[in-house]
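Colleague: One structure, as structure tokens, below. Some questions next.
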Amino acid sequence: MCGIFGYIGHQQALGLLVEGLRRLEYRGYDSTGVALLNDGEISYHRTVGKVGNLQSILPANVPGSQGIAHTRWATHGGVTLENTHPHRSFDGKVTLVHNGIIENYRALSKSLIARGIEMVGETDSEVLVHSIALELAKGVSPETSVRRTLKRVRGTWGLCVMFLEHDLLICARNGSPLIIGTGNGEMFISSDPHPLTSHTQQVVYLEDGDLAVVTKDSLKLSSLQGGSQEANISTLDEDWGESDLGDAPHFMLKEIYEQPDALRQCISGRIDREMGSGRLGGMQLQHNTLIQVPHVRLLGCGTAAIAAEIGQMLIERMARIPAVTHIASEYRNNDPVINPKALYLAVSQSGETADTIAAVKEIKLKGGQVFGVVNVVGSSIARLCGQGVYIHSGPEQSVASTKAFTNMVGALTIFAMQLGRTRHLSKDQGRELIQELQQVPHLMESYLENVGPIDEAVELVSSASSVLYLGRGLSAPVAKEGALKLMELAYIPCLAYPAGEMKHGPMALLEEGSPVVVVAPNDHLKEKTLSAIHECKARGAKIILIHEQGDEIAEEAHVSIPVPKVHPLLTPLLTVLPLQLMAYRTAVLLGKDVDRPRNLAKSVTVE
Ligand code: AGP
């Protein structure tokens, strides 16, 4: 996590750095800081809190056309001013910002202390700045000082280093993303491409092991080992859409309401109505390959893993191919068996989640083929996989994922259809599904125009000590997603269970008035879910029921929230909407920071 922005060029850097940080704030918002070089002096401005806090302490004018900036998500060391980046070396000659984790920082720190260097804070990053300064003091170049330091380091880094006596920046990447935007007599450095788009379209994505020496009009790329290499310039051609808040009170609400259009984007041009099939060009899969696929494995974390679970069920239902979802953070540690003929799908909004990246690497190392199901174009997972499908949600800035979830489900539905048509799904079944899928954005709109008694549900959950979420089949992962949303936004402990599992333990939690959220669309499992509802009500629980419009199951609810009717395989795209709104409004009611929930960050780039 953490966001890095850097600038070297002919403009005054401060405004550019602050704006860059503002666009990267979703990556971490514990503390933030900038450092600018001007006339042989480096000025530092740092504060605990968000970019807004930094802005309020910045002097009106801080001169300098070179600088580095950082917004932090704390890993090592508390949220304090001392631990805030940029860090400065003991002699004031080196300043750096770092994203990642230095695993052997304790040993490095001990040896620095033994040499009389005082560690100011508790971060792992601080060892880097002092080590580089020690090397520099031996008379070597800035590049050599960084290279020598990094060769002693174990861990991950996205690094941007500024030097008091040299007109350049040094960047390095190993596991944490860093992108260099090349302008006319100016260079920009960023953790992701979005803050760059307003300055330049020409970018160089650093790869793991890269080290770059950046001046205002040159970029020299080499590997950590020393061999120089060519910088491949990519053009940012993705229309990343509107990313400002506009009139919305929070990004999350804005993004919830963007779901119909986002889903249209995701579906558009990707279905073959005539053949009743999906057409995902980026998957580069031939029909004769698809026929031979023995099984599918899906990987992701958090909401992405939940979308993957829905994808897994759709693949099994439509294509009759065994499919399993794995939590990416567990996967590679279990020494997985990889079948080179199987399909592996890495699902990730950001495309930067360290655990998912590590799983992709493990699969590739063992000869498996991995496809990305990713939102951010040019992200690490997209590039690592080299093939896959972009979900086209547009920028998702709220830490709580909403429109990326529905678009992941949308893309996986199309993939399942494509796979299904090579096997068990008939043309007519495919056509029917396509017709229904194309209706979903309208149905979403119609629900979002009249969302039902969400506030009654909010009243029940906002005062609860815990909330139980239940669903069956495709609705079990939807229940999980609802629970994750409420937990991460309102900090209320939530449990999500497949409804049939409730009586095997979680039911012990129920007492008079306990809120239970049940997702029960009108599918083949509804009757069974009904039994679970009765069991909960018999123990005094209050049922918040998400169901299809006009369904008589509504009578069972204390709070009944209807969503439009849809094909049973597409229900997650609608039933999740009231759950997102419920979490959103509960967080607002409780006065929580909706877009920036405590302790979290949008892009989890550390393991
Ligand atoms: C969702 O609301 C979360 N903030 C989180 O679970 C997220 O989905 C997870 O960290 C995975 O992120 P990714 O999709 O960018 O890989």
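Colleague: Quick one: which of Lys364/Lys403; Lys480/Lys602; Lys341/Lys366 span more than 21 angstrom between C-alpha atoms?
Modeller: Pairs exceeding 21 Å: Lys364/Lys403.
Colleague: Using a cut-off of 14 Å between beta-carbons, work out the net charge of the residues near Pro564 (Lys and Arg +1, Asp and Glu -1, Pro564 not included).
Modeller: Result for the local shell: -4.
Colleague: Applying a 10 Å radius around every beta-carbon, put 498-505, 83-90, 550-557 in order of their mean neighbour count, most first.
Modeller: 83-90, 498-505, 550-557
Colleague: So, for the chain, what is the accessible surface per residue at a probe of 1.4 Å, expressed in square angstrom?
Modeller: Value returned for the chain: 37 Å² of accessible area per residue.
Colleague: Does anything in the range 502-520 have its amide N under 15 Å from the 7 Å Cα→Cβ label point of Asp551, and if so which residues?
Modeller: 517-520
Colleague: Please list the non-local residues whose amide H lies under 5 Å from the amide H of Leu236, H modeled 1.01 Å from N, same-chain partners needing a gap of 5 or more.
Modeller: Gln202, Val203
Colleague: Place the peptides 158-168, 442-452 in order of packing, highest mean first, counting for every residue the other Cβ atoms within 10 Å and averaging per peptide.
Modeller: Packing order, densest peptide first, comes out as 158-168, 442-452.
Colleague: Cα centroids of the range 428-500 and the range 559-586: how far apart, whole angstrom?
Modeller: Taking the Cα centre of each part, the range 428-500 and the range 559-586 sit 4 Å apart.
Colleague: Relative to the compact globular guide of 2.2 N^0.38 Å, what is the alpha carbon radius of gyration of the chain, as a ratio?
Modeller: It is 1.01.
Colleague: Next question. For the chain, what does -39500 (n - 2.57) per DSSP helix run (n ≥ 4), summed and divided by total residues, give at 222 nm, in deg cm²/dmol to the nearest 500?
Modeller: -10500 deg cm²/dmol
Colleague: Would the range 73-120 count as rounded, prolate or oblate if I go by the C-alpha gyration tensor, calling it rounded below 1.5 in a/c and otherwise prolate when a/b exceeds b/c, oblate otherwise?
Modeller: oblate
Colleague: Separate question: Quick query: amide H of Val389 versus all other amide H atoms, modeled in the peptide plane; which residues come in under 5 Å with a sequence gap of 5 or more or a different chain?
Modeller: It is Gly372, Val373, Val374, by chain and number.
Colleague: Now for a different question. Return a whole-number percent for the relative contact order of the chain, with Cα pairs under 8 Å and 6 or more residues apart as the contact set.
Modeller: That works out to 12 percent.
Colleague: Mind checking the full-extension length gain between Glu512 and Leu81? Use 0.36 nm per residue of separation minus the Cα-Cα distance, one decimal, nm.
Modeller: My answer for the length gained is 150.5 nm.
Colleague: Expected output is a single nm value to one decimal: the length gained when fully extending between His567 and Lys537, i.e. 0.36 nm times separation in residues minus the C-alpha distance. What is it?
Modeller: Residue separation times 0.36 nm, minus the Cα-Cα distance, leaves 7.9 nm.
Colleague: Pairs of alpha-carbon atoms within less than 8 angstrom and 6+ residues apart define the contacts here; what relative contact order does the range 1-157 have, in percent?
Modeller: This gives 22 percent for the range 1-157.
Colleague: Shape call for the range 254-365 from the C-alpha gyration tensor, a ≥ b ≥ c root eigenvalues: rounded (a/c under 1.5), prolate (a/b greater than b/c) or oblate?
Modeller: Oblate, since a/c reaches 1.5 and b/c is not below a/b.
Colleague: Okay, moving on. If you take the Cα atoms of the range 451-607, find Rg, then find the Kirkwood Rh from the mean of 1/r over all pairs, what is Rg/Rh?
Modeller: 0.96
Colleague: For Asp167 and Ile327, what is the calculated FRET efficiency with R₀ set at 51 Å and r taken between the beta-carbons, to the nearest 0.05?
Modeller: Efficiency computed from Cβ-Cβ geometry: 0.65.
Colleague: If I take every Cα pair under 8 Å that is 6 or more residues apart in the range 460-527, average their sequence separation and divide by the length, what percent do I get for the relative contact order?
Modeller: 44
Colleague: Something else now. Asn450 to Ile291: extension gain in nm, 0.36 nm per residue of separation minus the Cα-Cα distance?
Modeller: 52.9 nm
Colleague: Once whole DSSP H runs in the chain are found, which of them have Cα atoms spread over 15 Å or more along the helix axis and a mean Kyte-Doolittle score of at least -1.0?
Modeller: Span-like helices in the chain: 13-24, 126-136, 302-319, 354-365, 403-421, 427-449, 475-490, 526-538, 572-589.
Colleague: When only alpha-carbon atoms are used, what values of Rg and Dmax, in angstrom, describe the range 3-240?
Modeller: Every Cα atom of the range 3-240 included, Rg and Dmax give 16.2, 52 Å.
Colleague: Continuing with this model, one more query. Per-residue HN-Hα couplings for the range 512-519, Karplus 6.51 cos²θ - 1.76 cosθ + 1.60 at θ = phi - 60°, whole Hz, x for Gly and Pro?
Modeller: 3, x, 4, x, 10, 9, 10, 9
Colleague: Follow-up question, since we're still on this one. Which of the aspartates and glutamates could be linked to Lys151 by a straight reach, that is with a Cα gap under 15 Å, when you skip same-chain ones fewer than 8 residues away?
Modeller: By straight Cα distance, Lys151 reaches Glu103, Glu135, Glu143, Asp208, Asp210.
Colleague: Looking at the range 171-247, which GluC sites (Glu not before Pro) are DSSP coil and have at most 14 other C-beta atoms within 10 Å of their C-beta?
Modeller: The qualifying sites are Glu230, Glu242.
Colleague: Moving on to the next point. Over the chain, with every protein chain in place, what whole percent of the accessible area is carbon and sulfur at 1.4 Å, could you tell me?
Modeller: 47
Colleague: Let me ask something additional. To check you understand DSSP bridge types, tell me what percent of the beta bridges within the chain (both residues inside) are antiparallel, rounded to 5.
Modeller: If I count the DSSP bridges inside the chain, around 65 percent turn out antiparallel.
Colleague: A follow-up question, please. Over the range 243-449, one equal point on each Cα, no solvent: what is log10 I(q)/I(0) by the Debye formula at q = 0.11, 0.14, 0.17 Å⁻¹?
Modeller: Listed by q, the Debye log ratios stand at -0.48, -0.78, -1.13.
Colleague: Lys485: which aspartates and glutamates have alpha carbons under 12 Å from its alpha carbon, excluding same-chain residues fewer than 8 sequence positions away?
Modeller: Within the straight-line cut-off, Lys485 pairs with Asp595.
Colleague: Something else: Less than 16 Å from a label point 7 Å out along the Cα-to-Cβ axis of Arg273: which backbone N atoms in the range 421-449 qualify, by residue?
Modeller: Under 16 Å, as judged by backbone N against the label point of Arg273, lie 428-442 of the range 421-449.
Colleague: Same structure again: Taking amide H atoms as placed 1.01 Å from N in the peptide plane, list the residues 5 or more away in sequence, or in a different chain, whose amide H sits under 5 Å from that of Ala496.
Modeller: When sequence neighbours closer than 5 places are left aside, the close amide H contacts are Tyr469.
The values are calculated or read from the model by the stated rules, or taken from the named source; none is laboratory data. These figures come from a predicted structure and were not determined experimentally. Here the Cβ is made from the backbone with ideal geometry for all residues, glycine too, and neighbour counts use every protein chain on show. Ligands, DNA and RNA are stripped out before the accessible areas are found, and what is left, the full protein with its side chains, is counted by its heavy atoms. Shrake-Rupley method; radii C 1.70, N 1.55, O 1.52, S 1.80 Å.
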